[in-house]
Amino acid sequence: MPEITHFQKRHLYQIKAGYFNLLDYPPMLEKTISLSLVSPLLLVGEFYLHPF
């Protein structure tokens, strides 16, 4: 398994910061969580790349 790059670490930090920002400023709607947390994690994890 490849190691996490500096860019990926920075991206994960931004996702984490965005999540805690949503905790500070609700409402926490399911769609909001999906767009701000799950979608970027799938991108960082390269789940959008072939093979699925």
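The values are calculated or read from the model by the stated rules, or taken from the named source; none is laboratory data. Remember, it's a predicted structure, so these values are computed and weren't measured experimentally. All accessible areas refer to the heavy atoms of the entire protein, side chains included, with ligands and DNA or RNA removed. Shrake-Rupley method; radii C 1.70, N 1.55, O 1.52, S 1.80 Å.
Of the residues Leu22, Leu49, Leu37, which single one is assigned to a loop (DSSP other than H, G, I, E, B), open to solvent by less than 100 Å² (accessible area, probe 1.4 Å) and either of a type in the set (Val, Ile, Thr) or at pLDDT below 80 (or both)?
Unique residue meeting the criteria: Leu49.
May I ask you to verify whether Lys9 is charged (D, E, K, R), on the phi < 0 side of the Ramachandran plot and at pLDDT 80 or above?
Yes.
When you go through (1) at pLDDT below 80; (2) assigned to a helix (DSSP H, G or I) one by one for Ile15, which number turns out not to apply?
(1)
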